[in-house]
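K.L.:
Let me give you the structure first, and then I'll get to my questions.
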Amino acid sequence: MIDKTIPSFDDAVEDIHDNAVIHFGGFVSPWNSPSYLVSALARQGAKNLTAISTSMGRGPDQAHLQTPWLPEHLTPTDFWDVGLLAKLGRIKKGIASFAVGHRHDLVYPFEERLSRGEVELELIGQGSLAERIRCARAGIPAFYTPVGPDTSVAEGKEVRYFNGKPHILETALHADYALIRAYQADRFGNLIYKGARTFNATMAGAATITIAEVDEIVPLGSLQPEHIHTPGAYVQRIIQRPKNPTLSWEESS
Amino acid sequence: MIDKTIPSFDDAVEDIHDNAVIHFGGFVSPWNSPSYLVSALARQGAKNLTAISTSMGRGPDQAHLQTPWLPEHLTPTDFWDVGLLAKLGRIKKGIASFAVGHRHDLVYPFEERLSRGEVELELIGQGSLAERIRCARAGIPAFYTPVGPDTSVAEGKEVRYFNGKPHILETALHADYALIRAYQADRFGNLIYKGARTFNATMAGAATITIAEVDEIVPLGSLQPEHIHTPGAYVQRIIQRPKNPTLSWEESS
Amino acid sequence: MNEPERLTREIMAMIVTRDLFDGAIVNLGVGLPLECANFLSRDKEILLHSELGLLGFGPVVNDYRKADPYLTMVGGVPVTAHPGMSFMSHDESFALIRGGHIDVAVLGGLQVDQEGNLANTQLIGKPAGNLGGAQDLAYGAKKTVVLMYHTTSRKEKKILERCTLPLTTPRCVNRIVTDVAVIDVENQGLVLREVATGWNAEMVQSITGANLIIDPELKEIEL
Amino acid sequence: MNEPERLTREIMAMIVTRDLFDGAIVNLGVGLPLECANFLSRDKEILLHSELGLLGFGPVVNDYRKADPYLTMVGGVPVTAHPGMSFMSHDESFALIRGGHIDVAVLGGLQVDQEGNLANTQLIGKPAGNLGGAQDLAYGAKKTVVLMYHTTSRKEKKILERCTLPLTTPRCVNRIVTDVAVIDVENQGLVLREVATGWNAEMVQSITGANLIIDPELKEIEL
């Protein structure tokens, strides 16, 4: 019998080792961030991580600032992102399209460490980041893209002309673990997302172990085959978010 | 106001020109083949076509053989595939993974012409075919794949090593038109498929003009945003199949 | 000589939306370009796209108590549901962009030059920039419109012979809409098409760092 | 000497399904491999995949009056719905294959050689072959099992030192299951693991075109 359900978030991330390469899904919102997986990884302590994420995150102190536009009852306290791990000094390298706060008064943990030379950064546009991750899922080691020639992202990369236009060679970004967020799952690991599917659906299957944090695990057969966004073949572990939010990332759930 | 609905199949394919490159969707079944678009194109008469299709088709005489396992009431007479166009001598070149009948007693129209040297064939595995078409949709001109080195499909293609393994360079397959089949559409061109989505969902958006033949056009707003498989941005024309099947490909609908 | 009044951000946005065609698929960058969402013509169906995998959404939510947290565009801005809306993954969203399926991208700009090069990602005093999806949008959209103030808050010129900041995307800008003018990037250079009320070609040229070719049919901006 | 009885196609299929692990994702080629679908253990959950974009479907439909025309696997064979089933596009289906997410591919074979090279696409007397999805499956699956008769209907050998037919995929086969033996492809060559009742290593070697290494624990095939 297939049952990919994991009993606790601590169990879900238990085997993540130092120096692991990790995909962090979502797009900087409490409703698409794998917050409980991030907080469990923070407690677990693995370090020297390479984080692949669209944004290097805001961290625990500023995460709530992400949603100042929402009324209080829609502003969850249980929102943690890769910035928490940067704050704790667990990140060695980031591969991202957003690395710093977009205003001068917003200085995030990864940015602080970057200024001090404590972390490495590979800045890449969002489209190439998404495609490089999708290639890892699809077994494609490299592709040529028309996006990036004559800009900073082209540095050190092969340039080749197709249809008279310059293209750069981009390589797949595979990870050891993908931490993603979905709305519903069944025990086979089939996933359904609510709203924009962001990097969660892109990263599912692009890592050796994909772990999905979901709002709800539903009985097998509840998800209509046509509606499944990510087939279970891409997902190794699923875990349901707690019904009552935990107040601090240090608290197990 | 956006309304991509076309009044007749003849109108839908009216502008397809001689020497056009065309994606033919589906996977050799009456329930996923764009049969009425194929028959309209047969009537329209465009020739010297390059056909990109997983199979070069069975043609009008043998199309019904595809479903010998089905009881009569489930064996539709209105099933036409690219083989009809091959039979009529409209195809100049095929790019496909199935080019001939799989038994000696099954000789299809494209195969007959191939034996006589009247048509050109580029035989390619199904995975590389699908990915090359997806790349056209995604604006990627070329990619490296581990599938194919040291086989016939590698002939004339660049070989390059990644992770110590040989890969071949495959290029995008863009078309002038994609003729595809879906289950439901709204006037924006959003599509939903029933069952396996086959090459229909792969080809949508991989051509300058994507034309979708659908079982039903539903009012805008009927399709739940999470359930839409192909966003309307990939589709230029939609047309609903007739309620009563036509009996011959020569009959307009 | 006192400078004539410049256009408000609302009027700037309206210039952009004025030119959108019915059925256009449009991506609005964060900041100033997002203002366009508030001035879409009701006579036209414009489909807005957002990078995180959202196409055809409705206006930005004004009453945040009514916000659906699962329905936000880039920047975390809540938007409304709209008939015909669809969701997708990030990779598909950028397939849509890179593959040329977006009609118009409206982006902010720090600098644009006469070759249509765009610089809009540098963050002064920061250890790195933020690229976001700007490179893909500027490359992939059939038409790229830069919506920006004509000069910086320190009166520095932003339209130049050659960008001095790191490029986001080379040779991508088709039109520049500012608080004083509408300028098209053509093969022969920057063509001044329209000026704000009270402005003339000379005055626009004086705050522009590249030579402007004056359209013989130069007009005052009208909405 | 009369040859001992060979195994039926049903028994051959059961040898393959015997070895599938609970939770395995398996793709069955058309023809003989498809027979495996009828002998999946009820004690294990095996997810069947089909190239056209179908994962986790149920048994092949026997009563065609009950067939759902929208639910067919490759070859147009009608199958049944199953809880946990999902559908996808052709490109995603092959991302799944090429990306290494299929545990076992069971393919037919015309020839297999001692390096694990596979030839299974040539069609004698035809102007071209059919590649289908075999190249991707043979490459992408974590384990590739070839299920075929040990010799052709004309008694020609099919397990060879080197394939003479055009290769489908080089160095891809892990195990060969035939109507007389189970043979693994190892670094050192072909290892004979199991033989059918009444057969011994010598007899299998006599109809095999490559040297067989005899497993010291050679067994009679049991299900």
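The values are calculated or read from the model by the stated rules, or taken from the named source; none is laboratory data. In this text the structure is predicted, and so the values were computed from the model without any measurement. Glycine also receives a Cβ, built like all others from the backbone with ideal geometry; neighbour counts cover every protein chain displayed.
K.L.:
Do any residues in region D:74-85 that are away from chain A (no Cβ under 14 Å) have Cβ atoms under 9 Å from those of residues that are loosely packed, with under 15 Cβ neighbours inside 10 Å and among the basic types (Lys, Arg), where the two are at least six apart or on different chains, and which pairs are they?
P.N.:
D:Pro78/D:Lys66
K.L.:
Please determine, by comparing only the residues of region A:213-253 that are modelled with pLDDT of 95 or more and acidic (Asp, Glu), which one is surrounded by the most Cβ atoms within 10 Å (Cβ to Cβ). Write out each step before concluding.
P.N.:
Step one: list which residues in region A:213-253 are modelled with pLDDT of 95 or more, which gives A:213-242.
This time we only want the ones that are acidic (Asp, Glu), so: A:213, A:215-216, A:226.
Numbers: A:Glu213: 27, A:Asp215: 15, A:Glu216: 13, A:Glu226: 18.
Within region A:213-253, the match that is surrounded by the most Cβ atoms within 10 Å (Cβ to Cβ) is A:Glu213.
K.L.:
Between A:Gly148, A:Gly94, which is in a strand (DSSP E or B) and at pLDDT 95 or above?
P.N.:
Values: A:Gly148 fails: in a strand (DSSP E or B).
Answer to the selection: A:Gly94.
K.L.:
Hey, can you tell me all the residues within region D:93-112 that are surrounded by fewer than 24 Cβ atoms within 10 Å (Cβ to Cβ) and either out of contact with any strand residue (DSSP E or B) (no Cβ under 6 Å at 6 or more places or on another chain) or away from chain A (no Cβ under 14 Å) (or both)?
P.N.:
D:Gly99, D:Gly100, D:His101, D:Gly108, D:Leu110 - these are the residues of region D:93-112 that are surrounded by fewer than 24 Cβ atoms within 10 Å (Cβ to Cβ) and either out of contact with any strand residue (DSSP E or B) (no Cβ under 6 Å at 6 or more places or on another chain) or away from chain A (no Cβ under 14 Å) (or both).
K.L.:
Could you run through region A:31-84 and say how many residues are among the charged types (D, E, K, R), modelled with pLDDT of 90 or more and in a helix (DSSP H, G or I)?
P.N.:
Number of matching residues: 1.
K.L.:
Pull up region C:116-172, narrow it to residues that are at positive phi and in contact with a Gly (Cβ under 8 Å, 6 or more places away or on another chain), then point me to the one that is modelled with the highest pLDDT.
P.N.:
Within region C:116-172, the subset at positive phi is C:116, C:125, C:132, C:155, C:171.
Narrowing further to those that are in contact with a Gly (Cβ under 8 Å, 6 or more places away or on another chain): C:132, C:171.
Details: C:Gly132: 92, C:Arg171: 97.
Ranking the qualifying residues of region C:116-172, first place goes to C:Arg171.
K.L.:
Another question, if that's okay. Residues to consider are B:Gly156, B:Gly101; find the one that is in a loop (DSSP other than H, G, I, E, B) and more than 10 Å from chain D (Cβ to nearest Cβ).
P.N.:
Values: B:Gly101 fails: more than 10 Å from chain D (Cβ to nearest Cβ).
Among B:Gly156, B:Gly101, only B:Gly156 is in a loop (DSSP other than H, G, I, E, B) and more than 10 Å from chain D (Cβ to nearest Cβ).
K.L.:
For region D:155-179, which positions are surrounded by 24 or more Cβ atoms within 10 Å (Cβ to Cβ), under 19 Å from D:Gly189 (Cα atoms), within 11 Å of another protein chain (Cβ to nearest Cβ) and not hydrophobic (A, V, I, L, M, F, W, C)?
P.N.:
Of everything in region D:155-179, just one residue is surrounded by 24 or more Cβ atoms within 10 Å (Cβ to Cβ), under 19 Å from D:Gly189 (Cα atoms), within 11 Å of another protein chain (Cβ to nearest Cβ) and not hydrophobic (A, V, I, L, M, F, W, C), namely D:Thr169.
K.L.:
Out of all the residues in region B:219-228, is one or more closer than 29 Å to C:Val26 by Cα, in contact (Cβ under 8 Å) with a residue 40 or more places away in the chain and not aromatic (Phe, Trp, Tyr)? If you could, list the steps in order and put the result at the bottom.
P.N.:
Our first condition is that a residue be closer than 29 Å to C:Val26 by Cα; within region B:219-228, this holds for B:219-228.
Then drop every residue that is not in contact (Cβ under 8 Å) with a residue 40 or more places away in the chain, which leaves none.
No; the residues of region B:219-228 include none that is closer than 29 Å to C:Val26 by Cα, in contact (Cβ under 8 Å) with a residue 40 or more places away in the chain and not aromatic (Phe, Trp, Tyr).
K.L.:
Do we have D:Ile97 as within 25 Å of A:Asp3 (Cα to Cα) and in contact with a His (Cβ under 7 Å, 6 or more places away or on another chain) here? Outline the logic, then answer.
P.N.:
Details: within 25 Å of A:Asp3 (Cα to Cα): yes; in contact with a His (Cβ under 7 Å, 6 or more places away or on another chain): no.
It is false that D:Ile97 is within 25 Å of A:Asp3 (Cα to Cα) and in contact with a His (Cβ under 7 Å, 6 or more places away or on another chain).
K.L.:
Can you find a residue in region A:220-228 that is under 17 Å from the mean Cα position of the chain (by Cα) and either at negative phi or within 14 Å of chain D (Cβ to nearest Cβ) (or both)?
P.N.:
First, the residues of region A:220-228 that are under 17 Å from the mean Cα position of the chain (by Cα): none.
Looking through region A:220-228, none of the residues is under 17 Å from the mean Cα position of the chain (by Cα) and either at negative phi or within 14 Å of chain D (Cβ to nearest Cβ) (or both).
K.L.:
How many of the residues making up region D:35-59 are more than 10 Å from every other protein chain (Cβ to nearest Cβ) and within 26 Å of B:Ala201 (Cα to Cα)?
P.N.:
At the first step, the residues of region D:35-59 found to be more than 10 Å from every other protein chain (Cβ to nearest Cβ) are D:35-42, D:48, D:58-59.
Subset that is within 26 Å of B:Ala201 (Cα to Cα): D:48, D:58-59.
Number of matching residues: 3.
K.L.:
How many residues are within 13 Å of chain D (Cβ to nearest Cβ), in contact with a strand residue (DSSP E or B) (Cβ under 6 Å, 6 or more places away or on another chain) and part of a loop (DSSP other than H, G, I, E, B) if we restrict to region B:172-194?
P.N.:
3
K.L.:
Looking only at region B:110-140, which residues are within 7 Å of another protein chain (Cβ to nearest Cβ) and among the small types (Gly, Ala, Ser)?
P.N.:
Passing the criteria: B:Ser115, B:Gly125, B:Gly127, B:Ala130, B:Ala138, B:Gly139.
K.L.:
Which condition from (1) within 9 Å of another protein chain (Cβ to nearest Cβ); (2) surrounded by fewer than 16 Cβ atoms within 10 Å (Cβ to Cβ) is the one that B:Thr151 breaks?
P.N.:
(2)
K.L.:
Now for a separate question. Looking at A:Thr198, A:Thr145, A:Thr202, which one is under 18 Å from D:Met88 (Cβ atoms), polar (S, T, N, Q), touching a His at 6+ places or on another chain (Cβ under 7 Å) and surrounded by 22 or more Cβ atoms within 10 Å (Cβ to Cβ)?
P.N.:
On the way: A:Thr198 fails: under 18 Å from D:Met88 (Cβ atoms); A:Thr145 fails: under 18 Å from D:Met88 (Cβ atoms).
Of A:Thr198, A:Thr145, A:Thr202, the one residue that is under 18 Å from D:Met88 (Cβ atoms), polar (S, T, N, Q), touching a His at 6+ places or on another chain (Cβ under 7 Å) and surrounded by 22 or more Cβ atoms within 10 Å (Cβ to Cβ) is A:Thr202.
K.L.:
What pairs come up if the first residue lies in region A:108-125 and is closer than 25 Å to A:Val147 by Cβ, the second is hydroxyl-bearing (Ser, Thr, Tyr), and their beta carbons are under 8 Å apart, counting only those six or more places apart or on different chains?
P.N.:
A:Leu123/A:Ser97; A:Leu123/A:Ser152; A:Ile124/A:Ser97; A:Gly125/A:Ser97
K.L.:
Identify, from the list C:Gly75, C:Gly53, the residue that is under 19 Å from A:Lys194 (Cα atoms) and surrounded by fewer than 23 Cβ atoms within 10 Å (Cβ to Cβ).
P.N.:
Numbers: C:Gly53 fails: surrounded by fewer than 23 Cβ atoms within 10 Å (Cβ to Cβ).
Just a single option satisfies the conditions, and that option is C:Gly75.
K.L.:
How about region C:113-154: which of its residues are without any contact (Cβ under 8 Å) to a residue 12 or more places away in the chain and either of a type outside the set (Ser, Thr, Tyr) or within 7 Å of chain A (Cβ to nearest Cβ) (or both)?
P.N.:
C:Leu123, C:Ile124, C:Gly125, C:Lys126, C:Pro127, C:Ala128, C:Asn130, C:Arg154
K.L.:
Residues of region D:20-71 being without any contact (Cβ under 8 Å) to a residue 12 or more places away in the chain and in contact with a Ser or Thr (Cβ under 7 Å, 6 or more places away or on another chain), which ones?
P.N.:
The answer is none; no residue qualifies.
Each row is one residue, and each column tells you yes or no for (1) closer than 18 Å to D:Ala141 by Cα; (2) over 14 Å from the mean Cα position of the chain (by Cα); (3) among the acidic types (Asp, Glu).
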| residue | (1), (2), (3) |
| --- | --- |
| D:Thr17 | yes, no, no |
| D:Phe21 | yes, yes, no |
| D:Gly58 | no, yes, no |
| D:Leu71 | no, yes, no |
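K.L.:
I'd like to know if region B:176-187 contains one or more residues that are surrounded by fewer than 20 Cβ atoms within 10 Å (Cβ to Cβ) and touching a Pro at 6+ places or on another chain (Cβ under 7 Å).
P.N.:
No: zero hits.
K.L.:
Can I ask one more? Being among the acidic types (Asp, Glu), assigned to a loop (DSSP other than H, G, I, E, B) and either more than 10 Å from chain C (Cβ to nearest Cβ) or touching a residue at least 24 places away in the same chain (Cβ under 8 Å) (or both): is that true of B:Glu250 here? Even if it seems obvious, please write down each step before you answer.
P.N.:
On the way: among the acidic types (Asp, Glu): yes; assigned to a loop (DSSP other than H, G, I, E, B): yes; either more than 10 Å from chain C (Cβ to nearest Cβ) or touching a residue at least 24 places away in the same chain (Cβ under 8 Å) (or both): yes.
In short, yes.
K.L.:
Please give the strands (runs of 3 or more DSSP E) falling wholly within region D:122-223 in which 3 or more residues are within 25 Å of B:Gly125 (Cα to Cα). Reasoning before the result, please.
P.N.:
Numbers: elements: D:143-147, D:175-177, D:181-186, D:189-195, D:212-220.
Per the criteria, D:143-147, D:175-177.
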